[in-house]
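Shown next, in structure tokens, is the structure this report addresses.
The values are calculated or read from the model by the stated rules, or taken from the named source; none is laboratory data. Values in this document were obtained by computation on a predicted structure and should not be read as measured data. Every residue, glycine as well, gets a Cβ built from its backbone with ideal geometry; the counts of neighbours run over all protein chains shown.
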Amino acid sequence: MSSIDATFAIRYPDFSFAVDLTLPASGITVLFGPSGSGKTTCLRAIAGLEHPEYGSLRIGDEVWQCSEQGVFIPTYQRDIGYVFQEAGLFPHLSVQQNLEYGYRRIPASKRRISVDSICRFIGVSHLLERSVHQLSGGEKQRIAIARALLTCPKLLLMDEPLSALDIKLKAEILPYLEKIHQELSIPVIYVTHSVRELARLADHVVLFQNGRVIVSDQAEVVMSDPSYQDIFGEELGSIFDTRVVDHHPDRITQLDSDGVTIWAPGHIGEKDELYRCRVLASDVSLALHEPEQTTMLNRLPAEIIDIDYHKEQQGQVIVVLALSGHHRLLAKITMRSASELGLSPGMAVWAQIKSVALS
């Protein structure tokens, strides 16, 4: 599958929706935006649950929908898995019967994974004999994800699957969502309004506002663009995919991201494991010379490529920095600091990172 191409136009009495998207056919694409911006409408249109005035959907070489050609493959014939906000398990069936329900309804020739293997993958093998009523909220969602995967879909759609869970249960499920991305070759389209989920999971991001697409691009590019600070708010920042290089005796882990070394406290993962780092713009400070005798371990040489004055009425600016390689880093500082240091595009500076969040 080379790409996912979707064009839809839908009119409601008080809302219009129009998108023209080309999405990658691998990894996790996150649809993000405020409530009512069109995220779920887009997901439902891809699933065939909406009947737009105009619609076109191509999954690789397969045409699932085309108004001009009179093609509309109904939802039950689209090769998708769908995970909703609520697990939607059958209460009269056991966990194993819930999992087998969809699996038995696909042709044997399509089955690329067994019930046993997906249960080990999602970590639910010990739950098979339980009834749905005996499951926690997190366990129910893991079963719902496993059930969707057992249909062996070409495309997995997820509509805010963690929104009904508390922080602890979200932390329980997120690693399994990452495993889908890392170990299964199934593209995922994921709807959320959580910046943390977006930062942790997304390879590609589509930002929605008022039924329109603002931007569709790689996650690292979108999240490090100050143009979208009104959308991300205080959670504006940058993300880096890193690899564990080494563990040091003083309980510090050395990470590498395309030649950029990042230090993180504690013993994290094993050598060569992948970790996504997130750095908030508010956790970055700047200096004209390499800092000495400072407690901040992450001190990186950088070049200023832009200064965004969008928030100058609040006495703040966003400085866009280029690190070695292709990475961009954002620093939110006061206008006074920018003026006193004489900051301008093209200047060489040192960025100090106060804290690094790891997925």
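Of all residues in the range 68-94, those satisfying the criterion of being free of Cβ contacts under 8 Å to residues at least 40 places away in the same chain and of a type in the set (G, A, S) are G70, S94.
When you scan the range 349-356, do you find a residue that is under 30 Å from A171 (Cα atoms), in contact with a Cys (Cβ under 9 Å, 6 or more places away or on another chain) and crowded, with 17+ Cβ neighbours inside 10 Å, even just one? Yes, some residue in the range 349-356 is under 30 Å from A171 (Cα atoms), in contact with a Cys (Cβ under 9 Å, 6 or more places away or on another chain) and crowded, with 17+ Cβ neighbours inside 10 Å. Restricting the first member to the range 95-121 and to residues that are in contact (Cβ under 8 Å) with a residue 12 or more places away in the chain, and the second to residues that are in a helix (DSSP H, G or I) and of a type in the set (S, T, N, Q), the beta-carbon pairs closer than 7 Å and six or more apart or on different chains are C119/S125.
Taking the conditions exactly as written (of a type in the set (S, T, Y) and more than 29 Å from Q182 (Cβ to Cβ)), does S355 satisfy them or not?
Working: of a type in the set (S, T, Y): yes; more than 29 Å from Q182 (Cβ to Cβ): no.
Taking the combined requirement at face value, the residue does not satisfy it.
Considered as a group, the residues in the range 295-325 that are over 24 Å from I231 (Cα atoms) and loosely packed, with under 12 Cβ neighbours inside 10 Å include one that is modelled with the highest pLDDT, and that residue is T295.
Criterion applied to P24, P13, P34 was being loosely packed, with under 15 Cβ neighbours inside 10 Å and under 22 Å from the mean Cα position of the chain (by Cα), and the one residue passing it is P34.
Could you list all residues from the range 256-270 that are in contact with a Gly (Cβ under 7 Å, 6 or more places away or on another chain) and not in a strand (DSSP E or B)?
Filtering the range 256-270 for residues in contact with a Gly (Cβ under 7 Å, 6 or more places away or on another chain) gives 258-260.
D258, G259, listed by residue number.
Evaluation of D241 against the conditions (1) assigned by TED's automatic domain parsing to the domain that holds I46; (2) within 24 Å of C277 (Cβ to Cβ); (3) not hydrophobic (A, V, I, L, M, F, W, C) shows that the sole unmet condition is (1). Could you check the range 52-93 and list, in sequence order, the residues that are exposed (fewer than 15 other Cβ atoms within 10 Å of the Cβ), part of a loop (DSSP other than H, G, I, E, B), of a type in the set (D, E) and modelled with pLDDT of 90 or more? Those that are exposed (fewer than 15 other Cβ atoms within 10 Å of the Cβ), part of a loop (DSSP other than H, G, I, E, B), of a type in the set (D, E) and modelled with pLDDT of 90 or more: D61, E68. Of everything in the range 315-359, what is basic (K, R) and under 28 Å from the mean Cα position of the chain (by Cα)? Give them in sequence order. Passing the criteria: R328, K332, K354. Looking at V132, V221, just one residue is more than 18 Å from the chain's Cα centre (by Cα), more than 24 Å from D79 (Cβ to Cβ) and among the β-branched types (V, I, T), and that residue is V132.
Looking only at residues of the range 114-129 that are over 24 Å from A171 (Cβ atoms) and loosely packed, with under 15 Cβ neighbours inside 10 Å, we find that the one that is nearest to the chain's Cα centre (by Cα) is S117. Within the range 281-318, the residues that satisfy the criterion of being charged (D, E, K, R) and more than 20 Å from L255 (Cβ to Cβ) are E290, E292, E303, D306, D308, K311, E312. Checking each residue in the range 177-201 for being aliphatic (A, V, I, L, M), closer than 18 Å to I143 by Cα and part of a helix (DSSP H, G or I) picks out L177, I180.
Name the residue, out of L165, L156, L174, that is under 19 Å from the mean Cα position of the chain (by Cα) and part of a helix (DSSP H, G or I).
On the way: L165 fails: part of a helix (DSSP H, G or I); L156 fails: part of a helix (DSSP H, G or I).
The conditions single out L174.
Is the range 94-103 home to any residue that is out of contact with any Asp or Glu (no Cβ under 6 Å at 6 or more places or on another chain), surrounded by fewer than 13 Cβ atoms within 10 Å (Cβ to Cβ) and not polar (S, T, N, Q)? The answer is no; no qualifying residue exists.
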